[in-house]
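**Q** Have a look at the structure that comes next, please.
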Amino acid sequence: MIAQHLPILVVLTFFAGALLMPLAGLLHRRAPWMVAVCTCFTATLAAVYALLHVAAEGTVRYAMGGWRPPIGIELVADPLSTFVAVVLGLLSLIVMVHSREPVEREIEGEPITYYASAMLLLGGLSGIVMTGDLFNLYVFLEISSLASYALLGCGSARASVSAFRYLMLGTLGASFYLIGVGFMFVDTGSLNMADVTAIFAETGLTPLTTLAVIFILVGMGIKMALLPLHQWLPDAYTYAPATSTALIAPIGTKVAAYVLIRLLYEVFPAEAIRHLHLLDVIAALGAVGIIWGSVMALPQKNIKRMLAYSSVAQIGYIALGIGLGTTYGFIGAILHILNHACMKGCLFMVTANLEARGKGIRIDGLTAELRREMPVTAACFTIAAISMIGLPPTAGFFSKWYLLLGSYEEGRWIYIAVILISSLLNAVYFFRIIERMYLGGGEEAPAQAPSPRGTALLIGPVLALGLSLIALGVGNLLIVNYFILPMLPFAP
Amino acid sequence: MLELFHDYGAYWMCFLILTIGLYGMLVKKNYIKKVIGMTIFQAAIILFFIIAGYKEFATVPVRDPGLSTENVDAYINPLPHALMLTAIVVGVATVGVALSLLIRVYARYGTLDEDALEDKMQ
């Protein structure tokens, strides 16, 4: 019975959580945090159930309000959308559990609005993932974007400036997407993705289609922070409150990458993609992004800023995988969406822990003292860093491995070189920190290091993500076989 | 060539407004002017959709007993209007968030000029 409503369930849970937030705030100061954790937990359960149900029984299509598509809005739970929904749910759950101390410390005033915005962001993102309608996607995109401007802009006034700059670029991106959808509507007369695909198969390529495709890609490129359109990202991530970054960095840009996958492989006519060499362009931009992000991360003195530039590079990997357009490339891209979400979530929560302990997040301020005071956090940072560099058996190795296989298969030697060079650059900038933590000098830590309250909530989620990186690495074949291969949009 | 301008006059006008908005968003140094540019830009997109739904000699999309429902050419396409209602709401919300961010920025730095702000943040 409940299975037929699965596509809407994840989205509605988050929105219900957002609505409950003001009521929860009346009860107790910490009730919003608990509501947020419970909401994310319920949504994760729904997403996992949807993933398993879809894997067993096939795609579930849901007509909103009983209006049949293509007239009404359709939500679709298929292997790809449920997989991304599970990643989103799990990550949000872990970050929300971790968020109690950072939010109480960094956000002035009641935490109600902060958590309500976080729930709206997650509802918007899961809506983007689940929807099967082009205009509905725009609405969810704007819901999640508005919430993310608020989340990134609270905290310091410096954060508001960078959030405002992001708002300008983000609105531009969403508007470009809307123009593209307009052209597509004029061209086909439909907004339902499956319907548009069917109409394109009949009518073929028109000049309007080309315009639509270009506008939509530029818009999504801004949202995804694909190379020439990434300027908003480093500032926005650096100055935002720790929890906002930990929530938005792992899943925000990935959802835009998901939209790109969905539209490129399923909606846009194959002719248009071939005609415009879209896949080659995206792969090339991804490759340049990988190198540029890694090089820019090298001289950074602030850990958060370094991680932000590394995010630009990691988005490049996903774009490269999408652009290869082969089975291995696709597996690499999807696996990297999952792996990078776990790695970046772990790393940004580590920076939050450093701030919670009153440590700076400047790299030259780190000493070996840190390892003695915060052994678990330091160890998790090291695991995540090793995974970012891509050493087996951590998760990061395997997504890079599939990307290498894909490049090799296509004979794109330059991409193989790009991935290897970027791994070396990753090693350089992460070992700068690891070296300071483990080999650097520093006095013995005072015997009774004052431990702030709620330490378990700070360490537990970081540890969970750190261990998951090894588990994901070891179990990558299971994930690929059971979940990623069924979502392949083309024959392997 | 002239027909291209004549037949698609409304679209050219819409394109012009779009460009003015884009210019304001990207080139203007004052943040309030950037927000104004953004509003113009969004208005142009709304116009674009409305123009796309327009048909000559057609009436409003309310069922008219005097007209047969068979002839859809007698009615304007209502879907773009419905979509743009949503887009207008989104636009208002965006302006609201933008202005509230700017209030915080102005309270802290006392200016909304990009160059002056850049100096103060150093």
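**Q** Can you give me the distance in nm between label points at A:Y438 and A:T59, each placed 7 Å from the Cα along the Cα-to-Cβ direction?
**A** Distance between the two pseudo-spin positions: 4.7 nm.
**Q** Helix-derived [θ] at 222 nm for the protein assembly as shown: sum -39500 (n - 2.57) over DSSP H runs of at least 4, divide by residue count, nearest 500?
**A** -25000 deg cm²/dmol
**Q** In whole percent, what relative contact order does chain A give with Cα contacts below 8 Å and a gap of six or more residues?
**A** The value is 14 percent.
**Q** I want to check a number: in chain A, how many lysine pairs have alpha carbons closer than 15 Å, given a sequence separation of 8 or more or different chains?
**A** Taking the Cα cut-off of 15 Å, the pair count is 5.
**Q** To continue, here is another question. Quick check: pseudo-label points 7 Å beyond the Cα along Cα→Cβ at A:L457 and B:K29, how many nm apart are they?
**A** Computed distance between label sites A:L457 and B:K29 equals 4.6 nm.
**Q** On a straight-distance basis, which aspartates and glutamates could pair with B:K29 in a cross-link, Cα separation under 17 angstrom, same-chain partners fewer than 8 positions away excluded?
**A** B:D113, B:E114, B:D115, B:E118, B:D119
**Q** With a cap of 13 neighbouring Cβ atoms within 10 Å, and only residues DSSP puts in a loop, list the GluC sites (Glu not before Pro) found in the range B:13-122.
**A** Hits after loop and neighbour filter: B:E56, B:E70.
**Q** Right, another one. Taking neighbour Cβ counts within 10 Å as the exposure measure, how do A:F176, A:F431 sort from fewest upward?
**A** A:F431, A:F176
**Q** Please compute, for the alpha-carbon atoms of the range B:2-121, the extent along each of the three principal axes and give them in descending order in Å.
**A** Result for the range B:2-121: principal-axis Cα extents of 66, 35, 12 Å.
**Q** Can you list the HN-Hα couplings for the range B:24-30, worked out from phi with the Karplus curve (6.51, -1.76, 1.60; θ = phi - 60°), rounded to whole Hz and with x for Gly and Pro?
**A** Karplus values, whole Hz, x for Gly and Pro: x, 5, 9, 9, 5, 8, 7.
**Q** If a paramagnetic tag sat 7 Å from the Cα of B:R108 along the Cα-Cβ line, which residues of the range A:117-131 would have the backbone N under 13 Å from that point?
**A** Answer for the range A:117-131: none.
**Q** Continuing with this model, one more query. If you fit an axis through the alpha-carbon atoms of helix A:242-262 and take the longest principal axis of the Cα set of chain A, what angle between them do you get, 0 to 90°, nearest 10?
**A** Long axis of A:242-262 versus the principal axis of chain A: about 20 degrees.
**Q** Apply the Karplus parameterisation 6.51 cos²θ - 1.76 cosθ + 1.60, with θ equal to phi minus 60°, to every residue of the range A:313-318 and state each ³J(HN,Hα) to the nearest whole Hz, in sequence, with x for glycine and proline.
**A** 5, 5, 4, x, 4, 5
**Q** Calculate the translational D of the range A:296-492 in whole µm² s⁻¹ from Stokes-Einstein, where the hydrodynamic radius comes from the Kirkwood formula applied to all Cα pairs, the temperature is 10 °C and the viscosity 1.306 mPa s.
**A** Translational D for this selection: 90 µm²/s.
**Q** Now for a different question. Could you work out how far apart the two model spin labels at B:L67 and A:E409 are, taking each label as a point 7 Å from the Cα in the direction of the beta carbon, and quote it in nm?
**A** Roughly 5.4 nm, to one decimal.
**Q** Could you sort A:385-392, A:327-334, B:37-44, A:416-423 so that the peptide with the highest average Cβ count within 10 Å comes first and the rest follow in order?
**A** A:327-334, A:385-392, B:37-44, A:416-423
**Q** How well do other chains shield peptide B:14-26, expressed as the mean number of their Cβ atoms within 10 Å of each residue Cβ?
**A** Partner Cβ neighbours, averaged per residue: 1.
**Q** Follow-up question, since we're still on this one. Which whole-number percent is the relative contact order of the range B:2-121 (Cα, under 8 Å, 6+ apart)?
**A** Computed value for the range B:2-121: 24 percent relative contact order.
**Q** Given the protein assembly as shown, report the % of alpha carbon pairs whose separation exceeds 32 Å.
**A** Value for the protein assembly as shown (Cα pairs over 32 Å): 47 percent.
**Q** OK, next. What are the ³J(HN,Hα) values, in whole Hz, obtained from phi via the Karplus relation 6.51 cos²θ - 1.76 cosθ + 1.60 with θ = phi - 60°, for each residue of the range A:58-65 in sequence order, with x given for Gly and Pro?
**A** Going residue by residue, I get x, 4, 10, 10, 10, 8, 5, x Hz, with x marking Gly and Pro.
**Q** Quick check: net charge around A:G170, other residues with Cβ under 12 Å of its Cβ, Lys/Arg +1 and Asp/Glu -1?
**A** +1
We did not get these values from a lab; they are worked out from the coordinates using the rules stated. Predicted model only: the values in this text are computed from it and were never measured. Note: ideal-geometry Cβ built from the backbone for every residue, glycine included; neighbour counts use all protein chains shown.
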